[in-house]
1. With the convex hull built on the Cα atoms of the stretch 26-94, state its orientation-averaged projected area in nm².
2. Can you pull the one-decimal nm distance between simple spin-label points at ALA58 and GLN84, each 7 Å off the Cα toward Cβ?
3. Can you list the residues, at least 5 places off or on another chain, whose amide H is less than 5 Å from the amide H of VAL50, using H built in the peptide plane?
4. Could you compute the FRET efficiency for ARG100 and GLN40, with r as their C-beta to C-beta distance and R0 at 41 Å, rounded to 0.05?
Amino acid sequence: MNAYDTDYGSSRQNWASSHQTLVTRRQPVRALVRRDEQIQIAKFLGAEEVIAGDMRDAATLKKVTESASAVYHNCPNVNPDEIQIGETVIAAADDADFDRFVFHSVLHPQTER
């Protein structure tokens, strides 16, 4: 596999978009979803492998990022645990030999510069 997606729990529209972009580019996707009932949706969207689990769990994230060449992380929107989840995802990805890490966040969408 060339690309893996740790997209989980986000809006279905955003989830579909990220998966379909990778699949259209013929990049195999391993997806992390929150609940078992989301597995078939991820497969329908083109994920070759799907793991149901919790982003806060380091062992789950290790399985998702193992042998990844790219990691796309999209935390659930405005999640109060986003910092902890982000640190856990980054630690798991750091253990994998990957070329690219994309961190997608809307933790403070109301913040203006």
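1. Mean projected area of the Cα convex hull: 4.7 nm².
2. So the label points at ALA58 and GLN84 sit 1.4 nm apart.
3. ALA31
4. Efficiency at R0 = 41 Å is approximately 0.90.
Values quoted throughout were computed directly from the atomic coordinates according to the rules given, and no laboratory measurement underlies them. Note that this is a predicted model, so its numbers are computed, not measured. Every residue, glycine as well, gets a Cβ built from its backbone with ideal geometry; the counts of neighbours run over all protein chains shown.
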